[in-house]
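Down below is the structure, laid out as structure tokens.
Here, each number is a calculation from the coordinates, and none is a lab measurement. Since the structure is predicted, the reported quantities are computational estimates derived from the model, not experimental observations. Glycine gets a Cβ as well: all are built from the backbone with ideal geometry, and neighbour counts include every protein chain shown.
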Amino acid sequence: MSGGWNTIESDAGVFTSLIENLGVKDVQFEELLTLDPSELATLQPLYGVIFLFKYPTDQPYSSASGPQDGTFDHDASQSIFFAAQTIQNACATQALLSVLMNKQQDVDIGSHLSDFREFTIELPPEFRGEALSNSDLIREVHNSFARSTPFADETQQQRSAEAEDVFHFIAYTPVNGVLYELDGLQPAPISHGACTPEEFPTRVVDVLQRRIARYDATEIRFNLLAMCRDLRARAREFGDDELLAREERKRKDWLFENALRRHNFVGFAGEVVKAVVEEKLKEGGEEGYDKWVKEGLERRKAAEKARRAGDGDVEMGG
Amino acid sequence: MSIQPLITFKAGQCELDTSRRPYKAKPLPELGYVYLYSEDDLIHFCWRKRDDEATNPELDLVMIPTDGSFLPYDPKSTPQPSAAKTNGRIYSLKFSSSSQRYLFWLQSKSQARNNDPTYLSPRDRKIGDIVHRLLQGEEVDVTDELASVNNTDRRPDVDDDDDDDDETMEDVEGHHNQHEHRGTGSGGAGPGATGGDVREEGENSREGGADGARAAPSSSSAPTDASDAVRNFLESLRGQPGLSGGQQAQGIDKPYPHLSHLLPTSITVAVIDAIAANAPERLDTFLNFLPPAVIVLAGNNPDAFDGKNDPSAQAVEEAKASLSLEAKKSLLKKVLRSPQFHQALGTLTQALRDGGLPSIADALGINVENGGYLSSGGMPLGGGQAVEAFVEGVKKTVKDKK
């Protein structure tokens, strides 16, 4: 069972460390909070956008005649790096690589990914996807960002809907003067027309706005991550100490979160329970303990009520 | 990688004796589990011995969506109630792409009140239904679905503790009634609907209702079947919060808070403040349970962590030494507020509820009652009772220490 891909979180820090560990240099991700071309433009040089949405959607995905927006560019399936998605949990990594593998002119993708590109670019898209899912290096790096699960009990059931939503990642990137949508579940790259790197922020926001407008407002849940040059590199070039300090702090936060993500918290949690019980006994004796448990139960009831009423938190998969 | 089954239930294999007509299904005595898991978007249908690991199934079938069906072999739903006699609860796994089939007998305790060994309880049927739908490629919320068979009145005359007993069964066979009744099963799946022709095995009983669980509307027994089904459904609902090992034995789940409800940030942060005020040296105990990288990142030389390799022990010690009391407090509070810690509490609660209490309590040096097992035998406590026993064990351990 060594071939498994675990789900990873959709997070700028996770994605940035992931590609760095694959050998990519001077590239980072930024989460976009608005669909505003000017927000994207501040990140130039911008290599692409990763769009994440709940899948399946309420709308048909594409019809036999073509995608809902744009046109299939079957010739481009060969000439640019486009891989068919073969493994659900690998789709985040696949979307990131779809952008990077087409940016080897602008980005140092490192020797591993260069070799991989050289090897797979000769293959048809479905075999590229297969090669990607079979790459030990890419899988190991990907899995190193999965959440620590110390108890993979063999009889454990998949738990409730809260973790079960499936998300799909697709990439938008300008390649050879064309804005492409790279979606491993589609038969070919989707062309959205001519587009220079300078026009990309405006053009991709148009496409995304049309896409989002097609869904029912309550149905679509999405997340946007931009892939751009390391913002610290620009800060250094411009001598912008404030930006540099802010970006360095962000990097440290990412490392901190990633370390916690991989951590097995059982021992820590055990210490915390002990300390809290000890404190409750000290404060109020058995009565204080009972009151604490009772309040906990109230909290659980309130949480369950809230969950039934609304959506609750969403976890990213795929 | 471990397997996370979508559903697991107690069942044994049957041997199909095809050397004579009618075919005879002979249940094998080996105790086992049927379980399904999903890998690469395909469902695996597995059977293993009770003692074997889930990663080591004796039977592991990769199922193509809609190819397989998992339906009861249920004499009651046929137009001729006497058509076939069995003395067990049997499900049959069949394929539309081949005539291959597998029979399984349910090994959970029969819920029948009238000693009818073939009686399929609503829970039995629910399990079958869930498996069947998973094989059709449907997404099934197993926990939710099973919970939906739980929440009504229980039968007062049934002892809950019996739930987990294994059923014994000597023999199953479809036999006797070989006469034709092809024309009567108008509501059932037509011949060939599932590929193999079941009649050739003498399983006449399947025809009317088993395939797709549709009873023949033309038969006089159909209306009673429906009301029977509803009544039986309501009557035999049992407190079975889940099917995994730890939960099966306990009856209705005890309402007890999860760890995340017992340890909200407001409480844990206050406890850190209290410890910092009363016994500041104890904060180091907590730090020792954090990832080394986090300590280094919080220390005076965060660059000692390169983001890839674990920092050296020396770097960790130096970082720890550089932390002021305030810095330790704020680091611990930051971790206690982190989504990662709260996710971990969720996982830990789930593990306790699913039968992990004995090993977790042991690992944490927490003295839980009866080692975390049911007083009646070798099953770990499950559900809310397990979380309660864990927290009670913590209380006892804390008190004993004094």
Running Debye on chain A with equal point scatterers at the Cα sites and no solvent, what base-10 log of I(q)/I(0) appears at q = 0.07, 0.08, 0.13 Å⁻¹?
-0.34, -0.44, -1.02
Rounded FRET efficiency, nearest 0.05, which uses the C-beta distance separating B:Arg133 from A:Glu118 and R0 of 35 Å:
0.20
Taking the Cα centroid of segment A:180-216 and of segment B:282-355, what is the distance between the two, rounded to the nearest whole Å?
42
Spatially proximal lysines relative to B:Lys109 (Cα-Cα < 20 Å; intrachain offsets below 8 disregarded)
B:Lys10, B:Lys26, B:Lys49, B:Lys76, B:Lys85, B:Lys126
List the lysines whose Cα sits under 21 Å from the Cα of A:Lys252, skipping any in the same chain fewer than 8 residues away.
A:Lys25, B:Lys308, B:Lys320, B:Lys328, B:Lys329, B:Lys333, B:Lys334
Using the basic label-point model (7 angstrom from Cα toward the beta carbon), what is the A:Ser111 to B:Lys334 distance in nanometres?
3.6
Compute the relative contact order of chain A as a whole-number percentage, counting only Cα pairs closer than 8 Å that sit 6 or more residues apart in sequence.
32
What's the Cα-based Rg to Rh of segment A:163-262, Rh via Kirkwood?
1.05
Gaussian network model of chain A, springs between alpha carbon atoms under 10 Å - residue of A:Gly177, A:Gly270, A:Gly48 with greatest fluctuation
A:Gly270
Additional length obtainable on full extension of the chain from A:Glu283 to A:Glu39, 0.36 nm per residue less Cα span:
82.7 nm
Relative frequency of Cα-Cα separations exceeding 26 Å in segment B:290-402, percent:
42
Label model pair A:Thr196, A:Thr71: point-to-point distance (7 angstrom along the Cα→beta-carbon line) in nm is 2.3
Determine the sum of side-chain charges near B:Val34: Lys and Arg each +1, Asp and Glu each -1, restricted to other residues whose C-beta is under 9 angstrom from that of B:Val34.
+2
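Could you compute the FRET efficiency for A:Asp230 and B:Glu30, with r as their C-beta to C-beta distance and R0 at 60 Å, rounded to 0.05?
0.50
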Please list, ordered by chain and number, the residues whose modelled amide H lies under 5 Å from the amide H of B:Tyr73; skip anything fewer than 5 residues away on the same chain.
B:Ile90, B:Tyr91, B:Ser92
Which residue, A:Ser77, A:Ser17, A:Ser111, has the most motion in a Gaussian network model of chain A that connects Cα atoms within less than 10 Å?
A:Ser111
Compute the long axis of helix A:241-262 from its Cα atoms, compare it with the longest principal axis of the Cα atoms of chain A, and write down the angle in degrees, 0 to 90, nearest 10.
60
Cα-based helix-to-principal-axis angle, A:266-309 vs chain A, degrees rounded to 10
50
For B:Ser148 and B:Asp303 in one chain, what is 0.36 nm times their gap in residues minus the Cα-Cα distance, to one decimal in nm?
50.5 nm
How about segment B:277-363: which trypsin sites (Lys or Arg not before Pro) there are in a DSSP loop, with at most 14 other Cβ atoms within 10 Å of their Cβ?
B:Lys308
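Please report A:Val166, B:Val131 as a ranked list, fewest other C-beta atoms within 10 angstrom at the top and most at the bottom. Before the final figure, lay out each step's value.
Values: A:Val166 15, B:Val131 26.
In increasing order of surrounding Cβ atoms, one gets A:Val166, B:Val131.
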Would you mind counting up the charge near B:Val271? Only other residues with Cβ under 13 Å from its Cβ, with Lys and Arg at +1 and Asp and Glu at -1.
+1
Hey, if you drop one equal point scatterer on each alpha-carbon of segment B:247-332 and run the Debye formula without solvent, what base-10 log of I(q)/I(0) do you get at q = 0.11, 0.12, 0.17 Å⁻¹?
-0.44, -0.50, -0.75
Testing the spin-label approximation: label points 7 Å from Cα along Cα→Cβ at A:Asp206 and B:Asp400. State their distance in nm.
7.2
Compute the signed sum of charges (Lys and Arg +1, Asp and Glu -1) over the other residues within less than 12 Å, Cβ to Cβ, of A:Arg229.
-2
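So if R0 is 41 Å, what FRET efficiency would B:Ser98 and A:Phe127 give, r being the distance between their Cβ atoms, rounded to the nearest 0.05?
Using R0 = 41 Å, I get an efficiency of 0.90.
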What is the helix-to-structure angle for A:91-100, meaning the angle in degrees between its Cα long axis and the longest Cα principal axis of chain A, kept from 0 to 90 and rounded to the nearest 10?
40
Only four residue types carry charge here, +1 at the Cβ of Lys and Arg and -1 at the Cβ of Asp and Glu. Report the dipole size of chain A about the Cα centre in Debye, rounded to the nearest 20.
420
